[in-house]
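S.K.: For reference, the structure I am asking about is given below.
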Amino acid sequence: MNSKHLSAGQSCPALIPGSLRIYSMRFCPYAQRALLAAAAKAIQYDVVNINLVSKPDFIFQKNPDGKVPTIETNDGRVLYESLIVCDFIDEAFNKPDASCGDVVSRRLNSTDPYQKSLDRILVEKFNKVSSLDFQLYFPKDLQSDQVVLLMNKLIGELEVFEKELERRSTKFFGGSEKPGMLDYMIWPWMERLPSLELIHESNASVLRDGRQRHHLLSQWEKAMMEDDAVKESYLSPDIHVQYRNMRRSGGPINYDFL
């Protein structure tokens, strides 16, 4: 998980028999989606981290855009785009498949096509939250009033998910027992929200107090933190701040500081 990020001029490690290859970047929330899905399915996978500033040539051979997550099966089949990757992982590992390993594990997506579609609508709605998260951490010259405005917008967008948990009356969006695909697809950004309070210390109470009003989401977050798949890729707010501050500075990024 914390292996060195490979950069320009370095070669691609050989595929590991019986293991799904995930090309990742340790601090990328989209790549974390794939890690969460693979961990939740309890499949064998290995991670090759990619330096996204100085990308090795081989990543462009796997994905023309050179982005993560990109996955590769034992027989060399390649897919990318986080939601597509996670859907593939969920579907491919429910029956024996020689290219992926003989694994049968629980479904992350609902088996009801209608419910699966409703969940995907919420994943799309969550893009507003991830967009506001980006707006709050990447510009380093935000004024205090801009920070407060964006934080209040973010709190408002989270209200949709608070009400959805109330409507479902379950511990997780995916049910009362275990998280499902919707839970895992929004988690990477929920994991990063506390880092905004550290980045914007003078306005931290705005976000903190607003989020405390979301009682069901708070309980959901605590439950997610106890999930084995989440624990496998989780990084603390302090670590997220270290990475985010490197990005905000405009200077070199040390992907391997862990």
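S.K.: When the chain is fully extended, how far beyond the present Cα-Cα distance does ALA8 get from PHE60, taking 0.36 nm per residue of separation?
M.R.: 17.6 nm
S.K.: Oh, and also: Starting at the first residue of the range 23-32, write each ³J(HN,Hα) from the Karplus equation 6.51 cos²θ - 1.76 cosθ + 1.60 with θ = phi - 60°, in whole Hz, x for Gly and Pro.
M.R.: 7, 9, 9, 4, 10, 8, x, 5, 5, 4
S.K.: Got a sec? Charge dipole of the chain, +1 on Cβ for Lys and Arg, -1 for Asp and Glu; which of LEU196, MET224, PRO252 is way out at the positive end?
M.R.: PRO252
S.K.: Report the GluC sites (Glu not before Pro) located in the range 219-253 that are in a DSSP loop and have at most 11 other Cβ atoms inside 10 Å of their Cβ, or state none.
M.R.: Sparse-neighbourhood loop GluC sites (Glu not before Pro): GLU226.
S.K.: For MET225 and ARG77, calculate 0.36 nm times their separation in residues minus their Cα-Cα distance, and state this gained length in nm to one decimal. Numbers along the way, then the final one.
M.R.: Working: separation 148, 0.36 × 148 = 53.28 nm, distance 3.27 nm.
Extending this stretch completely gives an extra 50.0 nm.
S.K.: From the Cα gyration tensor of the range 134-216, with a ≥ b ≥ c the square roots of its eigenvalues, which class applies: rounded if a/c is under 1.5, or else prolate if a/b is larger than b/c, or else oblate?
M.R.: Numbers: a/c = 2.76, a/b = 2.03, b/c = 1.36.
Prolate is the answer for the range 134-216, as a/c is 1.5 or above and a/b outweighs b/c.
S.K.: Sticking with this structure for a sec: At 7 Å along Cα-to-Cβ for each site, give me the label-to-label distance between THR170 and VAL53 in nm.
M.R.: 4.2
S.K.: Right, here's the next one. Sequence gap at least 6, Cα distance under 8 Å: using those rules, report the relative contact order of the chain to the nearest whole percent. Intermediate results must be reported in sequence, preceding the final value.
M.R.: Details: 373 pairs, mean separation 50.7, N = 258.
Relative contact order comes out at 20 percent.
S.K.: Using a 10 angstrom cutoff on alpha carbons, build the Gaussian network for the chain and name the most mobile of VAL68, VAL85, VAL53.
M.R.: Among VAL68, VAL85, VAL53, the largest mean-square fluctuation in the Gaussian network model of the chain belongs to VAL53.
S.K.: Kindly report, to the nearest 10 Å², the accessible surface of SER19 as traced by a 1.4 Å probe over protein heavy atoms only.
M.R.: For SER19, solvent-accessible area is about 0 Å².
S.K.: Right, something else. How large a share of the accessible area of the chain, in percent, is made up of carbon and sulfur atoms when the probe is 1.4 Å and the other protein chains stay in place? Mind showing how you got there, number by number?
M.R.: Working: 6100 of 12040 Å².
Here it works out to 51 percent.
S.K.: For ASP65, ASP57, give the ranking by accessible area with the largest first, probe 1.4 Å. Can you show the working numbers first?
M.R.: Numbers: ASP65 85, ASP57 110 Å².
Largest accessible area first, the list is ASP57, ASP65.
S.K.: About the Cα centre of the range 157-248, how large is the charge dipole given +1 on each Lys and Arg Cβ and -1 on each Asp and Glu Cβ? Please answer in debye to the nearest 20.
M.R.: Details: 14 positive and 17 negative charges, 38 e Å.
Here the size comes out at about 180 debye.
S.K.: Right, next: Pull up all non-local amide H partners of TYR45: gap of 5 or more, or a different chain, and H-to-H distance under 5 Å with H placed in the peptide plane.
M.R.: The answer is LEU20.
S.K.: Give me the number: length gained by fully extending LYS140 to ASN127, i.e. 0.36 nm times residue separation minus the C-alpha to C-alpha distance, one decimal in nm.
M.R.: On the way: separation 13, 0.36 × 13 = 4.68 nm, distance 2.16 nm.
Extra length available between LYS140 and ASN127 comes to 2.5 nm.
S.K.: Just the number please: accessible area per residue for the range 210-249, 1.4 Å probe, all protein chains included, in Å². Please report the intermediate quantities before stating the final value.
M.R.: Values: 2110 Å² over 40 residues.
With the other protein chains kept in place, the range 210-249 gives 53 Å² per residue.
S.K.: Can I ask one more? Straight distance only, please: which aspartates and glutamates reach the Cα of LYS163 with their own Cα at less than 17 Å, same-chain residues fewer than 8 apart left out?
M.R.: Partners found: ASP119, GLU124, ASP183, GLU221.
S.K.: Next question, about the same structure. Pairs LYS55/LYS125; LYS116/LYS171; LYS125/LYS231; LYS125/LYS178: which exceed 29 Å Cα-Cα? Present the calculation step by step, with values, prior to reporting the outcome.
M.R.: Numbers: LYS55/LYS125 31 Å; LYS116/LYS171 18 Å; LYS125/LYS231 25 Å; LYS125/LYS178 22 Å.
LYS55/LYS125, as the Cα separations exceed 29 Å there.
S.K.: Now a separate question. Pull out a ≥ b ≥ c, the square roots of the eigenvalues of the alpha-carbon gyration tensor of the chain, then state rounded if a/c is under 1.5, prolate if not and a/b is larger than b/c, and oblate in the remaining case. Write out the running numbers ahead of the final one.
M.R.: Values: a/c = 2.20, a/b = 1.19, b/c = 1.85.
It comes out oblate by the Cα gyration axes.
S.K.: Counting Lys and Arg as +1 and Asp and Glu as -1, each charge on the Cβ, what is the dipole of the chain about the Cα centre in debye, to the nearest 20? Don't skip to the answer; put the middle values down first.
M.R.: Values: 32 positive and 35 negative charges, 40 e Å.
Here the chain has a charge dipole of around 200 debye.
S.K.: For the range 2-64, what's the relative contact order in percent, using C-alpha pairs closer than 8 Å and at least 6 residues apart?
M.R.: Numbers: 77 pairs, mean separation 31.4, N = 63.
Result for the range 2-64 is 50 percent.
The values are calculated or read from the model by the stated rules, or taken from the named source; none is laboratory data. The structure displayed is predicted, hence computed values, not measured ones. Cβ atoms come from the backbone with ideal geometry, glycine included; neighbour counts cover every protein chain shown. In case anyone asks, the SASA skips ligands and DNA or RNA and just uses the protein heavy atoms, side chains included. Shrake-Rupley method; radii C 1.70, N 1.55, O 1.52, S 1.80 Å.
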